[in-house]
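One structure is given below, encoded as structure tokens.
The values are calculated or read from the model by the stated rules, or taken from the named source; none is laboratory data. Here the structure is a predicted model, which means the values were calculated and not measured. Every residue, glycine among them, receives a Cβ derived from its backbone with ideal geometry; neighbour counts consider all protein chains shown. Remember, those area values only see protein heavy atoms, side chains included, never the ligands or the DNA or RNA. Shrake-Rupley method; radii C 1.70, N 1.55, O 1.52, S 1.80 Å.
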Amino acid sequence: IVIDQSDEPITSKEILHIDPRIKIIIDEKRSAPHARNIGVVEAKGEVLVFFDDDVIPQSDNIIALHLENYTNPVIGMVAGRVKQPYETKTVKTPGKVLRPIYMVYGGFNAIKRQKATNVIGCNFSMRLVIWNKIGGMDEYFVRGVNHEESELAIRVAKAGYEIVFDPRPFVHHLEWGKGGNRDMAKSRREYRYWIFHHWTYVFRKHGSVFALPLFLIAVILRIGFYTITDRDLKVGALALKGMFDQLTRKS
């Protein structure tokens, strides 16, 4: 099932020769969570497997490798291995959601199967029954394309299911510069704004008022880090604005 949100949608001639079972859905709403939600409506299986359009599979039978994990009934979600263009080394542990501040960090280029707290949107899977139980993806995440898969993983864990990282279903992520949602955050400054806006949204949705001081400290430290590494004071200013805009949002 291909959900195409590009300015110049793909045509059936360009893709159906690969396999006539492929279904193409043209969607004008640019939103990764929305795309996944409408794709799931068309899905027929018991396990959902998600990939982005700019990945190159490095594993044979990559879908079967995802499915092998679901022989264990307590596993509700699987994060696959992802190598980003800028990564030169593997990591020991996959990316995490750090409670109680719900900070998202780390990469997914690990080589050891292990329990996890997070997934990455370009290569993950989960049970359809859990997706329906927790309500699918939150479509509030409409800009910048970040945090939506982490927020989904938080709800899977809260529902009592385990998340596992499996390095065997492995993709190279190209981080392609055009198409779909890629113009939603056109500059680094705008991208940082939406990172902190969305992080604050996740904290508001799942965090506790008792953890608010820790959250604010973590935000300030991380904004300082980005301001230094980006060498741009406006990055820090926009990141702070993203947090405050979300904290003061009424609904």
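A few remarks follow.
Table: residues versus (1) among the aliphatic types (A, V, I, L, M); (2) in contact with a Cys (Cβ under 8 Å, 6 or more places away or on another chain); (3) open to solvent by 30 Å² or more (accessible area, probe 1.4 Å); (4) modelled with pLDDT of 95 or more.
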| position | (1), (2), (3), (4) |
| --- | --- |
| VAL164 | yes, no, no, yes |
| LYS178 | no, no, yes, no |
| ASP183 | no, no, yes, no |
| ARG188 | no, no, yes, no |
| ARG192 | no, no, no, no |
| ARG204 | no, no, yes, yes |
| LEU212 | yes, no, yes, yes |
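- Within the stretch 38-67, residues that are over 16 Å from GLY136 (Cβ atoms) have Cβ atoms under 9 Å from residues that are open to solvent by 80 Å² or more (accessible area, probe 1.4 Å) in these pairs: ASP52/TRP176; ASP53/TRP176; ASP54/GLU175; ASP54/TRP176; SER59/ARG168; ILE62/ARG168; LEU65/ARG168; HIS66/ARG168, counting only partners at least 6 apart in sequence or on another chain.
- Given (1) closer than 20 Å to ARG168 by Cα; (2) open to solvent by less than 40 Å² (accessible area, probe 1.4 Å); (3) under 15 Å from the mean Cα position of the chain (by Cα); (4) of a type in the set (Phe, Trp, Tyr), index of the condition TYR70 fails: (3)
- Only residues that are touching a residue at least 24 places away in the same chain (Cβ under 8 Å) and among the polar types (S, T, N, Q) were counted in the stretch 208-251, giving 2.
- Residue match in the stretch 179-188 (condition: under 19 Å from the mean Cα position of the chain (by Cα) and in a helix (DSSP H, G or I)): yes
- Looking across the stretch 1-28 at every residue that is more than 26 Å from the chain's Cα centre (by Cα) and part of a loop (DSSP other than H, G, I, E, B), the one that is modelled with the lowest pLDDT is identified as THR11.
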